[in-house]
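Here is the structure we will look at, set down as structure tokens.
The values are calculated or read from the model by the stated rules, or taken from the named source; none is laboratory data. Everything quoted here is computed from the prediction, not taken from an experiment. Because the Cβ atoms are built from the backbone with ideal geometry, glycine has one as well, and the counts that use them run over all protein chains shown. Heavy atoms of the whole protein, side chains included, go into the accessibility calculation; ligands, DNA and RNA do not. Shrake-Rupley method; radii C 1.70, N 1.55, O 1.52, S 1.80 Å.
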Amino acid sequence: MKLLVLLKQMGELKSLKNLNLGSTGISDIPDAIDGGERTCVLPEELGNLRSLNYLGLSRTLISKLPDFIGRLQSLERLDLTECFRLSRLPDAMGGLRSLSWLSLKRCK
């Protein structure tokens with residue numbers, strides 16, 4: 001749970017440009033139990049990172065991206081490489097006007 005606390009606190013880092021959570025234990029952050037499986041959701045506080053240019057979630061077991069992803073107006077690069085549990089992207093991604101690079105290599 002320490003990672004969850006840290007991620008929630010990161011929402012206060014308004015000038016943060018790069019956040020790489022790739023290959024972390026992010027799958028250990030249970031948001032809910034769905035059909036006996038843990039589902040992992042990023043904390044809502046990360047939606048406050050308005051200056052974020054890069055978000056790396058590669059090789060994590062995240063199962064869905066939250067709708068707040070659309071509030072990350074400065075996001076240019078989103079790395080979802082080898083996110084095997086990720087099966088769809090939220091409609092809110094349409095709000096990512098600055099997004100110029102998206103990696104979905106080896107996803108469902």
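Values as computed for the structure displayed
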{"item": "Residues whose placed amide H lies under 5 Å from that of Leu96, excluding near-sequence neighbours", "result": "none"}
{"item": "Per-residue SASA entry for Asp67, accessible area with 1.4 Å probe, Å² rounded to 10", "result": "110 Å²"}
{"item": "Probe 1.4 Å - accessible area at Ser74, Å² to nearest ten", "result": "40 Å²"}
{"item": "Cβ charges +1 (Lys, Arg) and -1 (Asp, Glu), total dipole of the stretch 64-108, debye", "result": "160 debye"}
{"item": "Qualifying chymotrypsin sites (Phe, Trp or Tyr not before Pro) in the stretch 63-102, DSSP loop, other Cβ atoms within 10 Å at most 14", "result": "Phe84"}
{"item": "For peptides 93-99, 60-66, 16-22, sequence by mean Cβ density within 10 Å, most packed first", "result": "60-66, 16-22, 93-99"}
